[in-house]
Amino acid sequence: MSSTEQACWFVLGGDHLVLLDEQGRIPKGARAVLPPHLHTAPFERFDEWDGLPCHLLDLGAEAETGAMAPLRQLMVAGDEEGFRLAGRAWQLATFRRTHRFCGECGAPMTPREGEWAQGCHHGHVVYPRISPCIIVAVRKGPAILLAAHRRHYQADDPMYTVLAGFVEAGENLEQCVAREVFEESGIRVTNVRYVASQPWPFPHSLMMGFTADYESGEIRVQDDELVAAGFFEADRLPRLPPHGTIARRLIEQCLAEAR
């Protein structure tokens with residue numbers, strides 16, 4: 001890799017932090033756009049963006065990250081492709097960090113040539129982990145079911161979003177939708193419909209988005225997951241997830257269909 005090669009540079013470190021340029025974007029250009037100490041760093045190619053190769057460097061969980069920004073900043077800024085590729089880079093880096101040793105024999109694992117995989121000297125090969133999740137907007141007449149989740153709750157300005165959860169072994173996506181909604185809110189749903197999907201690098205999820213209709217039940221929040229939940233109409237919405245998230249897309253689609 002020459003020092004003059006034009007590329008997109010994804011420098012990661014700490015916990016979901018990424019190096020951005022002065023405009024708040026992924027650095028693009030020759031290596032000279034990077035800080036001097038990275039001019040000879042061992043980057044790896046992992047994708048392509050607008051005809052330019054994308055190169056990845058993970059500085060590690062304990063790296064000095066004072067010049068880095070949270071990965072979510074790209075999403076909030078509306079840089080959807082930058083967020084998608086940085087998310088892909090983070091999932092690959094997370095895979096390397098968490099698969100340093102073989103789960104079968106305990107031997108050290110090393111990168112496989114020609115594919116993004118790790119292998120041990122006994123021949124066991126593993127690939128990046130992807131965790132399937134559902135995320136669903138539930139509609140009741142003109143209103144939508146939204147909840148404030150404990151993991152990112154702010155008492156002074158709580159964000160409300162749709163319900164989500166991981167798919168369990170032995171269930172299909174529609175069953176997961178029905179189970180998660182009932183477990184978290186006490187609501188039973190019907191007419192489950194697939195909408196779209198989105199990779200979600202926190203840490204390695206694939207979010208599969210659905211809409212569904214209210215069938216029965218009264219709201220009863222799952223205390224260890226939710227702070228509050230309720231049905232909201234379009235003219236009385238709380239603070240919502242940012243644009244660029246599949247949660248926001250589901251909310252907007254669900255409310256548009258209710259008009």
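Start at zero, step by 5 Å, and the Cα-Cα distances of the chain spread as 1, 6, 11, 14, 15, 13, 12, 10, 9, 5, 3, 1, 0 percent across the bins. When Rg and the Kirkwood radius Rh are both evaluated on Cα atoms of the range 150-259, their ratio Rg/Rh stands at 0.93.
Distance between the 7 Å Cα→Cβ label points at R112 and E252: 4.0 nm.
The trypsin sites (Lys or Arg not before Pro) of the range 53-135 that meet both conditions, a loop assignment by DSSP and at most 15 other Cβ atoms within 10 Å of the site Cβ, are R100, R112, R129.
So which chymotrypsin sites (Phe, Trp or Tyr not before Pro) in the range 198-249 pass both tests, a DSSP loop state and at most 10 other Cβ atoms within 10 Å of the Cβ?
Passing sites in the range 198-249 do not exist.
Once the Kirkwood radius over Cα pairs is known for the range 1-121, the Stokes-Einstein relation at 20 °C and 1.002 mPa s delivers a diffusion coefficient of 142 µm²/s. For W200, nonlocal amide neighbours, meaning residues 5 or more places apart or on other chains whose placed amide H falls under 5 Å from its own, are S205, L206, M207. From the alpha carbon centroid of the range 178-212 to that of the range 85-124 is 29 Å. Which angle from 0 to 90°, rounded to the nearest 10, does the C-alpha axis of helix 246-258 make with the longest principal axis of the chain? Rounded to the nearest ten degrees, it is 30. Against the main long axis of the alpha-carbon atoms of the chain, helix 173-185 sits at an angle near 70°. Each residue of the range 43-58 was assigned a 3J(HN,Hα) from its phi angle through the Karplus curve 6.51 cos²θ - 1.76 cosθ + 1.60 (θ = phi - 60°); the sequence is 6, 10, 6, 9, 6, 9, 9, 6, x, 9, x, 9, 10, 10, 9, 9 Hz, with glycine and proline shown as x.
Can you give me the convex hull volume of the Cα atoms of the range 121-177, divided per residue and expressed in Å³?
Taking only Cα atoms, the range 121-177 has a hull volume of 139 Å³ per residue.
Set the Cα radius of gyration of the range 91-202 against 2.2 N^0.38 Å, with N its number of residues, and you get 1.45.
Here, each number is a calculation from the coordinates, and none is a lab measurement. Keep in mind that what you see is a predicted model, and the values were worked out from it rather than measured. Note that each Cβ is placed from the backbone with ideal geometry, even for glycine, and that neighbours are counted across all protein chains shown.
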